[in-house]
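Below is one structure, written out as structure tokens; comments come after it.
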Amino acid sequence: MNRWIRGAALVCALLATGVTTGCGTESRADAREDARGVAPSPSGASSGSSAAPHDRRDARAAVEAAYRKWGLKPLAAPPAPPAVKPVRLRADDGLVPVISEIPTREKIVFLTFDDGAEKDPEFVTMMRELKVPFTMFLTDAAIRSDYGYFKKLQALGNGVQNHTLTHPDLRTLGASAQKQEICGQQTRLKDEYGTAPRLLRPPYGNWNEDTRAAAASCGLEAIVLWRESMQIKNMQYQSPSGKLHPGDIILAHFRGPSELKGTTITEMTANLLRHIQEQGFTVAALEDYL
């Protein structure tokens with residue numbers, strides 16, 4: 001456990017929060033297309049179909065050149081998001097679903113980065129150039145020293161989601177304390193990033209029924225776990241097959257050389273993207289499917 005986690009204390013009283021659907025006048029899908037160099041369609045669809053063919057070719061050529069710069073083979077462009085999202089959120093009983101993968105036949109996976117301790121500017125450059133979508137599950141104790149760093153990543157079209165205020169094992173807390181951790185972070189992230197998260201990742205992947213109830217009461221729509229976790233050079237697979245499957249959610253962390261045995265977050269991410277490319281997959285945006 002990181003030192004900032006061990007030293008963190010429970011903060012923030014239970015606050016009632018609402019869920020907004022956007023940040024400013026531009027949708028998250030539009031922001032992703034702008035970051036990729038493709039004009040968004042008037043409806044906000046993220047397929048890029050409104051761009052002229054030569055514009056799309058030029059944008060794709062720039063991305064492929066960026067992959068070569070980072071020593072990578074290009075990932076294929078992801079398919080257009082489904083017209084109907086395949087995961088049903090907030091069941092009739094009011095409890096949020098707990099998911100580790102997205103039901104799809106497409107050879108796509110979803111990248112998520114947790115915590116927020118490492119704030120390497122080269123990672124911002126890398127993701128800006130590669131146009132790889134990912135979701136950030138942020139902990140306030142890790143990010144409060146530089147909220148602005150994650151605004152740069154959000155501006156690329158990447159989602160900001162809830163990873164609690166201080167990164168506790170939620171199963172060790174009572175219902176009231178869980179609400180403080182989750183609702184408090186909802187409020188903090190909305191204040192800093194303009195949108196209340198829809199998704200929660202419990203620290204260490206540990207949750208119980210109090211967690212589900214607290215998430216629902218705080219306005220969250222799903223608890224998101226994972227199928228693979230990225231280490232330094234290799235991935236750990238939950239599946240006995242030891243390989244990726246369509247719709248898998250992959251866990252990585254904002255970690256730097258002190259935690260990655262001298263490896264930078266950009267080097268770790270390059271290793272991750274190689275595993276994805278070598279297995280014939282590409283990366284899609286989780287929020288397009290949830």
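The values are calculated or read from the model by the stated rules, or taken from the named source; none is laboratory data. Because the structure is a prediction, the values reported are computed rather than measured. Here the Cβ positions follow ideal geometry from the backbone for every residue, glycine too, while neighbour counts run over all protein chains shown. The protein model used for the area step is the full one, side chains on, heavy atoms only, and it has no ligands, DNA or RNA in it. Shrake-Rupley method; radii C 1.70, N 1.55, O 1.52, S 1.80 Å.
The set of residues in region 142-169 being over 24 Å from residue 276 (Cα atoms), in a helix (DSSP H, G or I) and open to solvent by 20 Å² or more (accessible area, probe 1.4 Å) consists of 147, 148, 151, 152.
Over 27 Å from residue 152 (Cβ atoms), touching a Ser or Thr at 6+ places or on another chain (Cβ under 9 Å), open to solvent by 20 Å² or more (accessible area, probe 1.4 Å) and polar (S, T, N, Q), is that true of residue 238? When the stated conditions are applied, residue 238 passes them. When the residues of region 79-112 are narrowed to those that are open to solvent by 50 Å² or more (accessible area, probe 1.4 Å) and closer than 18 Å to residue 279 by Cα, which ends up farthest from the chain's Cα centre (by Cα)? If we take residues in region 79-112 being open to solvent by 50 Å² or more (accessible area, probe 1.4 Å) and closer than 18 Å to residue 279 by Cα, then 105 is farthest from the chain's Cα centre (by Cα). For residue 243, the criteria (1) assigned to a loop (DSSP other than H, G, I, E, B); (2) open to solvent by 50 Å² or more (accessible area, probe 1.4 Å); (3) of a type outside the set (Asp, Glu); (4) in contact with an Asp or Glu (Cβ under 8 Å, 6 or more places away or on another chain) hold in every case but one, which is (4). The residues in region 204-234 that are assigned to a helix (DSSP H, G or I), open to solvent by less than 20 Å² (accessible area, probe 1.4 Å) and in contact with a Cys (Cβ under 8 Å, 6 or more places away or on another chain) can be counted, and the count is 1. Return a yes/no flag: does region 251-265 have any residue that is crowded, with 20+ Cβ neighbours inside 10 Å and either more than 16 Å from residue 231 (Cβ to Cβ) or polar (S, T, N, Q) (or both). No - not one qualifying residue is present in region 251-265.
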